[in-house]
1. Considering every residue within the range 104-118, establish whether at least one is within 19 Å of residue 157 (Cβ to Cβ) and free of Cβ contacts under 8 Å to residues at least 12 places away in the same chain.
2. Within the range 176-215, how many residues turn out to be closer than 30 Å to residue 141 by Cα, modelled with pLDDT of 95 or more and part of a loop (DSSP other than H, G, I, E, B)?
3. Please find, within the range 168-183, the residue that is nearest to residue 102 (Cα to Cα) out of those that are in contact (Cβ under 8 Å) with a residue 12 or more places away in the chain and surrounded by fewer than 13 Cβ atoms within 10 Å (Cβ to Cβ).
4. Do you know which of the residues in the range 158-175 that are in a loop (DSSP other than H, G, I, E, B) and more than 16 Å from residue 59 (Cα to Cα) is modelled with the lowest pLDDT?
5. Can you name the number of the only condition in (1) in a loop (DSSP other than H, G, I, E, B); (2) out of contact with any helix residue (DSSP H, G or I) (no Cβ under 8 Å at 6 or more places or on another chain); (3) surrounded by fewer than 14 Cβ atoms within 10 Å (Cβ to Cβ); (4) touching a residue at least 12 places away in the same chain (Cβ under 8 Å) that residue 154 fails?
6. Within the range 1-114, which strands (runs of 3 or more DSSP E) (wholly inside it) include 3 or more residues that are under 30 Å from residue 169 (Cβ atoms)?
7. When you scan the range 53-69, do you find a residue that is in contact with a helix residue (DSSP H, G or I) (Cβ under 7 Å, 6 or more places away or on another chain) and at pLDDT 95 or above, even just one?
8. Mind checking which residues of the range 72-98 are in contact with a strand residue (DSSP E or B) (Cβ under 7 Å, 6 or more places away or on another chain) and either surrounded by fewer than 15 Cβ atoms within 10 Å (Cβ to Cβ) or without any contact (Cβ under 8 Å) to a residue 40 or more places away in the chain (or both)?
């Protein structure tokens, strides 16, 4: 029997964003809009609850799509050993989006796969008769207060938002954006959820129409 779904939504804006296309290698280039997994991660950054599943439905683009060249000095562990020994940074080039604003929509359902739930999530799930409704209520309270479970970012950690919260009255969908077809778009890399194995999944022929990207529906295995 299908589980009842509860709607959650929020708005986020920032100076820079990068929704990485995996085929662009070590000079990453952004998709023109956030991926399904990026949308899911943003919801979970506001409120993470492994006893529930977040199902992103769509994203509204509320600013024009503007690509920009970005260069940064990378000093992390993926440098060559010689560079690490000498303290040399690696100059990383990327193609990012600037001055972004989005409205995200998702649905919440109980997670029926309780095999890998942490102990605290199991206890919370046992005490809650309706995890989806509880998540919705707590999420909306956090959103109004500006609280989050983790720091939100627009792709890379350094791309922090200038705003996140409830929809603002002055924000409008940028419907004048020309329709864009994305032939292949990364969906998820951990499709089975919490503690699952890596498995990259892609959606094909994804459209941005009138400034809106609707994430393709996929049937849940347990429904």
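The values are calculated or read from the model by the stated rules, or taken from the named source; none is laboratory data. On a predicted model such as this, the values are computed, not experimentally measured, just so you know. Cβ: placed from backbone, ideal geometry, glycine included. Neighbour counts: every protein chain shown.
1. No; the residues of the range 104-118 include none that is within 19 Å of residue 157 (Cβ to Cβ) and free of Cβ contacts under 8 Å to residues at least 12 places away in the same chain.
2. Qualifying residue count for the region: 2.
3. Looking at residues that are in contact (Cβ under 8 Å) with a residue 12 or more places away in the chain and surrounded by fewer than 13 Cβ atoms within 10 Å (Cβ to Cβ), I get 175.
4. Ranking the qualifying residues of the range 158-175, first place goes to 158.
5. Exception for residue 154: condition (3).
6. Details: elements: 6-17, 52-61, 67-74, 90-110.
Passing ranges, in order: 6-17, 52-61, 90-110.
7. Yes.
8. 72, 73, 74, 79, 83, 89, 90, 91, 93 - these are the residues of the range 72-98 that are in contact with a strand residue (DSSP E or B) (Cβ under 7 Å, 6 or more places away or on another chain) and either surrounded by fewer than 15 Cβ atoms within 10 Å (Cβ to Cβ) or without any contact (Cβ under 8 Å) to a residue 40 or more places away in the chain (or both).
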